[in-house]
Ligand SMILES: Cc1cc2nc3c(=O)[nH]c(=O)nc-3n(C[C@H](O)[C@H](O)[C@H](O)COP(=O)(O)OP(=O)(O)OC[C@H]3O[C@@H](n4cnc5c(N)ncnc54)[C@H](O)[C@@H]3O)c2cc1C
Ligand SMILES: *[C@@H]1O[C@H](CO)[C@@H](O)[C@H](O)[C@H]1NC(C)=O
Ligand SMILES: *[C@@H]1O[C@H](CO)[C@@H](O)[C@H](O)[C@H]1NC(C)=O
Ligand SMILES: *[C@@H]1O[C@H](CO)[C@@H](O)[C@H](O)[C@H]1NC(C)=O
Ligand SMILES: *[C@@H]1O[C@H](CO)[C@@H](O)[C@H](O)[C@H]1NC(C)=O
Ligand SMILES: *[C@@H]1O[C@H](CO)[C@@H](O)[C@H](O)[C@H]1NC(C)=O
Ligand SMILES: *[C@@H]1O[C@H](CO)[C@@H](O)[C@H](O)[C@H]1NC(C)=O
Ligand SMILES: *[C@@H]1O[C@H](CO)[C@@H](O)[C@H](O)[C@H]1NC(C)=O
């Protein structure tokens, strides 16, 4: 055994110099992030040299890293500052997550973030120690099934926990994890696990079909594993309703096909059971629809302190009919963007007239735009309206039952609950580490009003509250949760050291 202070030095050295340099000067049995240098090195050889050191992508702006002086890289820093909230840039970096608080240890504030409202603000990085925080210290650039199998074997042998990252969109931080070995599946060959949503839309469009997916350019596999909401879901179902087959390496190391006939219990669990608990998905197959003509409603007005509540109240009034007519979309404050494949332009105009009239009366605009395809709609409206990345956002959700929209008292209850959170629920909450705890508590307590009026309903896992009370019931239903656990035990008989966000667990007590 090495004395504690040596281990500490070793750990620091690893993260501040290149791993290769480190190899030359240290003993093979030295422990690094939970495994010996020899074990890491063997793993790297087994996977063809695709083991990499994981570091926060903001590091280039800092002059201290994990407590040691380093030279900032001005041009790299400038590039990342300019693209700090650009998902297409962020998604290319292993050490960047869309919700950057998950790059950090929120318990302690250890991390390496810039000021998302002004990434050039020197206060964030001048004289500040950049720390690895919750960014995994090592990752595998996964390209083959055997890479995944090697990682599972390594994890069982060493006890090092695994995490799986695709495009890093997770709102619950499940794709990072201090001292985990990360499997970065983004570079799996195109048309398989690593594809971006916008590329699938484009590919489908070229083949005159429609793929039903999320409201963002770069969402990944986690989308379908956790449910998969599309604004076309009112008509065509969720992602989980449309996936036909997964190919997956289960935690026991076996590469399996899961569909309705083969490993159907696993197929069931993968469709919403959540994240990487049931394995690493290498490929998924989805149903498509023909090319769709869509009516889009684009309605917005300048909000002030008195015209926002009546607007939400109006949308509550019309929501049930809209849903029945195939409309789906988002209402973010005074902006509504909805689409339906089920109406023609004149029907759509009639259906949305009350909302359009309200916007116009409040100095805004409302149009019905007919688009020849989903991709045309996506390119014209979604890329500029999709959810922000870069700021530290946290979400809570509640599924509101149809019943509530179908009675006067139900609609009143819902309007009242919305009224109570309006001052709080600006489109998003921006907050700075390490003091996020209070914001998470506020999210939890504000969603409570919606829980109170929807007993027996649930919440959407992919966009849910980190502190969702009674989460087994809320996200899955208690009976389903028990069944999920039994599937987990079947395909993970060794109870492999799976991913947990250590910073998170320590803090979340
Ligand atoms: C800007 C933005 C917009 C969004 N819009 C929508 C939307 O319109 N509809 C919607 O339903 N949701 C939406 N979400 C939520 C989204 O569905 C989830 O964040 C989802 O988890 C993202 O998947 P990912 O693979 O990109 O994320 P990651 O953070 O990489 O992974 C998420 C989870 O899936 C696991 N995972 C990823 N890939 C694999 C794999 N190949 N095998 C096994 N496990 C894997 C990870 O371990 C983790 O648990 C949005 C999120 C963001 C940040
Ligand atoms: C893994 O091996 C490759 C090829 O030898 C090397 O370039 C890389 O630095 C190694 N990874 C680590 C983390 O040292
Ligand atoms: C970063 O942002 C700048 C300015 O917006 C842009 O010109 C550049 O192409 C971006 N870089 C990348 C890699 O996206
Ligand atoms: C898609 O439809 C267009 C117009 O009908 C047609 O010209 C084109 O050949 C079709 N493409 C494919 C791949 O079927
Ligand atoms: C809310 O909607 C209901 C039903 O349309 C209506 O009676 C009520 O006046 C509205 N309240 C506000 C404040 O707009
Ligand atoms: C829209 O559909 C309605 C109902 O089927 C029909 O009466 C109307 O003529 C259609 N309008 C257009 C512009 O196609
Ligand atoms: C909000 O805007 C509406 C429409 O322009 C206007 O009638 C109303 O007086 C405004 N309210 C406030 C508080 O500014
Ligand atoms: C709404 O309520 C009416 C009766 O009050 C019922 O007939 C109808 O089926 C309900 N609709 C939905 C969608 O629940």
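Values quoted throughout were computed directly from the atomic coordinates according to the rules given, and no laboratory measurement underlies them. Predicted model only: the values in this text are computed from it and were never measured. Cβ placement follows ideal geometry from the backbone for every residue including glycine, while neighbour counts extend to all protein chains displayed.
When the Cα atoms of segment 151-307 are aligned to their principal axes, the ranges along those axes come out at 59, 43, 27 Å in descending order.
Taking a quarter of the surface of the Cα convex hull of segment 85-222 gives a mean projected area of 9.9 nm².
Measure out, as a whole number of angstrom, how far apart the alpha-carbon centroids of segment 201-267 and segment 337-379 sit. Each part's Cα centre sits 28 Å from the other's. Restricted to Cα atoms, the chain shows a radius of gyration and a Dmax of 23.8, 77 angstrom.
For the chain, the longest principal axis of the alpha carbon atoms and the long axis of helix 345-361 meet at an angle near 90°. Measuring between their Cα centroids, segment 89-166 and segment 391-408 lie 31 Å from each other. Based on alpha-carbon atoms, the Kirkwood radius and the radius of gyration of segment 4-184 give Rg/Rh equal to 0.96.
Multiplying the residue separation of residue 489 and residue 42 by 0.36 nm and removing their Cα-Cα distance gives an extension gain of 158.0 nm.
Need one word for segment 395-473: rounded, prolate or oblate. Basis is the Cα gyration tensor (sqrt eigenvalues a ≥ b ≥ c); a/c below 1.5 gives rounded, then a/b vs b/c decides. Taking the square roots of the gyration eigenvalues as a ≥ b ≥ c, segment 395-473 is oblate.
Relative to the longest principal axis of the Cα atoms of the chain, helix 437-452 runs at roughly 40 degrees.
Relative to the longest principal axis of the Cα atoms of the chain, the long axis of helix 37-46 lies at roughly 60 degrees. Between residue 403 and residue 437, residue separation times 0.36 nm minus the direct Cα-Cα distance comes to 8.8 nm. Across segment 273-387, the fraction of Cα-Cα pairs farther apart than 16 Å, rounded to a whole number, is 64%. Rounded to the nearest 500, the 222 nm mean residue ellipticity of the chain from helices alone is -10000 deg cm²/dmol, with -39,500 (n - 2.57) taken per DSSP H run of at least 4 residues. Extending 7 Å from Cα along the Cβ direction at residue 79 and again at residue 262 yields two label points whose distance is 4.2 nm.
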